[in-house]
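Here is the structure we will look at, set down as structure tokens.
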Amino acid sequence: QVQLVESGGGLVQAGGSLRLSCEASGSVFSINVMGWYRQAPGKQRELVATIVSAGTTNYADSVKGRFTISRDNTKNTVYLQMNSLKPEDTAVYYCNAYSILYGINYWGQGTQVTVSS
């Protein structure tokens, strides 16, 4: 089993920055891919960024050049650095981890990010 705990959300003005953290515990050896998703009220959950164990990253077009996903394997933690935030970035952000070994997706509880105009 894997447990994910997010932190770092909050309220920020447009153009500001936030850094989200997601700490994994449990069977962390089985995690191959970690990522961040977000869901705004009344909208579908969407993929924001992913990072594999080797460090390769992928980003949604809407956040390219503004967000950076990184991973610290010694701390079992993934980060999402969010710069130049826009009101449309307002959403609940969820940490995700996928295990190929067990074929299981794990989810954190979510952290609220609110960007004011």
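The values are calculated or read from the model by the stated rules, or taken from the named source; none is laboratory data. Quick caveat, the model's predicted, so the values are computed rather than measured. Here the Cβ is made from the backbone with ideal geometry for all residues, glycine too, and neighbour counts use every protein chain on show. All accessible areas refer to the heavy atoms of the entire protein, side chains included, with ligands and DNA or RNA removed. Shrake-Rupley method; radii C 1.70, N 1.55, O 1.52, S 1.80 Å.
What the table below lists for this structure:
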{"item": "Residue under evaluation Glu6, criteria (1) open to solvent by less than 30 Å² (accessible area, probe 1.4 Å); (2) without any contact (Cβ under 8 Å) to a residue 12 or more places away in the chain; (3) among the acidic types (Asp, Glu), criterion not met", "result": "(2)"}
{"item": "Single residue of segment 27-55 satisfying the filter (open to solvent by 90 Å² or more (accessible area, probe 1.4 Å) and farther than 14 Å from Glu88 by Cα) that is modelled with the lowest pLDDT", "result": "Ala54"}
{"item": "Matching strands (runs of 3 or more DSSP E) fully within segment 16-117 where at least 1 residues are under 22 Å from Gln1 (Cβ atoms) and of a type outside the set (Phe, Trp, Tyr)", "result": "18-26, 33-39, 46-52, 67-72, 77-82, 91-99, 104-107, 111-116"}
{"item": "Answer residue from segment 56-80, given it is of a type in the set (S, T, N, Q) and free of Cβ contacts under 8 Å to residues at least 40 places away in the same chain and is most open to solvent (accessible area, probe 1.4 Å) among those", "result": "Thr74"}
{"item": "Criterion (more than 10 Å from the chain's Cα centre (by Cα), of a type in the set (Phe, Trp, Tyr) and closer than 28 Å to Ser117 by Cα) met by exactly one of Tyr59, Tyr102", "result": "Tyr59"}
